[in-house]
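These notes concern the structure reproduced below.
The values are calculated or read from the model by the stated rules, or taken from the named source; none is laboratory data. On a predicted model such as this, the values are computed, not experimentally measured, just so you know. Cβ coordinates were reconstructed from backbone atoms using ideal geometry, including for glycine residues, and neighbour counts include every protein chain displayed. Ligands, DNA and RNA are excluded from the accessible area calculation, which covers all protein heavy atoms including side chains. Shrake-Rupley method; radii C 1.70, N 1.55, O 1.52, S 1.80 Å.
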Amino acid sequence: MNARVDTSVLTHLSNSHLDALEEETIFILREVAAAFERPALLFSGGKDSLVMLKCAEKAFGAGRIPYPLLMIDTGHNFPEVTDFRDQRAKELGAELIVRNVEDSMARGTVRLAHPGESRNVHQSVTLLEAIEEFRFDALIGGARRDEEKARAKERIFSHRDSFGQWQPKAQRPELWTLFNTRIAPGEHFRVFPISNWTELDVWQYIARENIALPSIYYTHKRDVVERKGLLVPVTELTPPRDGEQVVVRDVRFRTVGDITCTCPVESDAATAEDIVIETLAAEVSERGATRMDDKTSEASMEKRKKDGYF
């Protein structure tokens with residue numbers, strides 16, 4: 001993805017559709033505030049949650065977002081992202097709730113198969129514990145349909161049963177933006193206001209609105225190794241294996257998550273406009289190009305969502 005593309009394409013690229021996407025997102029954010037008693041906005045400090053936060057500011061006004069921000073921290077997140085998360089929440093004067101997978105491990109509700117196992121999949125347990133602790137009845141997430149097959153078939157207002165599980169064959173119809181928000185005690189909804197956005201839409205909106213992001217979204221030099229078609233960052237958590245050669249590459253992250261399963265791509269893109277151009281030429285989805293946890297099987301995401309994942 002590090003090939004240079006003629007920047008003149010930006011002058012011919014329309015972003016007028018962003019107004020409609022923004023309007024839909026604001027409508028959904030307001031609908032959540034009106035329909036539920038204890039909603040929360042999942043906020044990782046990543047680009048999608050920052051786009052949602054920008055829309056929430058427009059929906060309710062700066063410093064007036066009517067629900068708290070919730071982060072499930074594996075303890076293995078990129079520090080550039082968690083630092084930015086804290087800074088942005090402080091700037092907004094928003095309530096930031098952080099719950100840690102490590103605390104679930106201490107309680108014995110999360111048990112790793114071995115010390116080196118990724119904690120990413122275990123976020124589901126900590127998330128469900130947070131839902132029970134705060135009695136959340138709706139969680140607003142930044143998932144998009146273009147990211148992955150399981151997310152492509154999920155509704156904007158996605159019902160979860162009393163076990164926090166998603167039942168793909170029991171989804172409710174969503175006709176004419178009429179949402180069925182009825183729930184029984186112990187149940188909740190996951191709501192995806194930017195479900196209809198694409199990665200390109202997100203980057204066009206970031207460029208248009210001048211949204212600040214963690215630095216690792218833009219080009220920087222990083223030690224990596226090539227593994228199974230991915231560039232794996234060399235860290236204490238992801239050291240090189242025997243026979244692997246460590247190289248320094250100009251990279252950026254298309255998506256950010258747990259260090260143990262998130263990989264960068266080669267890139268020279270230093271601005272949101274540069275990334276818009278790169279995204280136009282991308283042939284693999286951001287999760288397909290960067291996430292080791294989605295490589296385990298064709299149905300890995302759907303299985304995790306059924307178990308309560310974001």
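Out of region 82-100, which residues are in a helix (DSSP H, G or I) and open to solvent by 10 Å² or more (accessible area, probe 1.4 Å)?
82, 83, 84, 85, 86, 87, 88, 90, 91, 92
Among the residues of region 229-245, what is the count of those that are more than 15 Å from residue 259 (Cβ to Cβ) and either within 23 Å of the chain's Cα centre (by Cα) or among the acidic types (Asp, Glu) (or both)?
Going through region 229-245 one residue at a time, the tally reaches 3.
Given the criterion modelled with pLDDT of 95 or more and either open to solvent by 40 Å² or more (accessible area, probe 1.4 Å) or under 30 Å from residue 128 (Cα atoms) (or both), identify the matching residue among 274, 268, 258, 293.
268
So for region 196-215 (the condition being touching a strand residue (DSSP E or B) at 6+ places or on another chain (Cβ under 9 Å), in contact (Cβ under 8 Å) with a residue 40 or more places away in the chain and of a type outside the set (Lys, Arg)), does at least one residue qualify?
There is no residue in region 196-215 that is touching a strand residue (DSSP E or B) at 6+ places or on another chain (Cβ under 9 Å), in contact (Cβ under 8 Å) with a residue 40 or more places away in the chain and of a type outside the set (Lys, Arg).
Are any residues in region 145-193 of a type in the set (Asp, Glu) and within 17 Å of the chain's Cα centre (by Cα), and if so, which ones?
Scanning region 145-193 gives 146, 147, 148, 154.
I'd like to know if region 44-67 contains one or more residues that are in contact with a helix residue (DSSP H, G or I) (Cβ under 7 Å, 6 or more places away or on another chain), part of a strand (DSSP E or B) and either farther than 14 Å from residue 211 by Cα or open to solvent by 10 Å² or more (accessible area, probe 1.4 Å) (or both).
no
Count, please, the residues in region 215-243 that happen to be in a loop (DSSP other than H, G, I, E, B) and open to solvent by 20 Å² or more (accessible area, probe 1.4 Å).
Here the count works out to 13.
Of all the residues that make up region 11-41, how many are buried (at least 21 other Cβ atoms within 10 Å of the Cβ) and within 18 Å of residue 147 (Cβ to Cβ)?
Qualifying residue count, region 11-41: 3.
For region 68-81, name all the residues that are under 20 Å from residue 119 (Cβ atoms) and in a loop (DSSP other than H, G, I, E, B).
Hits for region 68-81 are 74, 75, 76, 78.
Do we have any residue at all in region 103-119 that's at pLDDT 90 or above, among the acidic types (Asp, Glu) and out of contact with any Lys or Arg (no Cβ under 8 Å at 6 or more places or on another chain)?
Taking every residue of region 103-119 in turn, at least one turns out to be at pLDDT 90 or above, among the acidic types (Asp, Glu) and out of contact with any Lys or Arg (no Cβ under 8 Å at 6 or more places or on another chain).
Going through region 296-310 one residue at a time, which ones are more than 16 Å from the chain's Cα centre (by Cα), open to solvent by 20 Å² or more (accessible area, probe 1.4 Å) and modelled with pLDDT under 60?
The answer is 296, 297, 298, 299, 306.
With the structure loaded, tell me whether residue 249 is touching an Asp or Glu at 6+ places or on another chain (Cβ under 7 Å), farther than 20 Å from residue 85 by Cβ and open to solvent by less than 60 Å² (accessible area, probe 1.4 Å) or whether it fails that test.
Yes.
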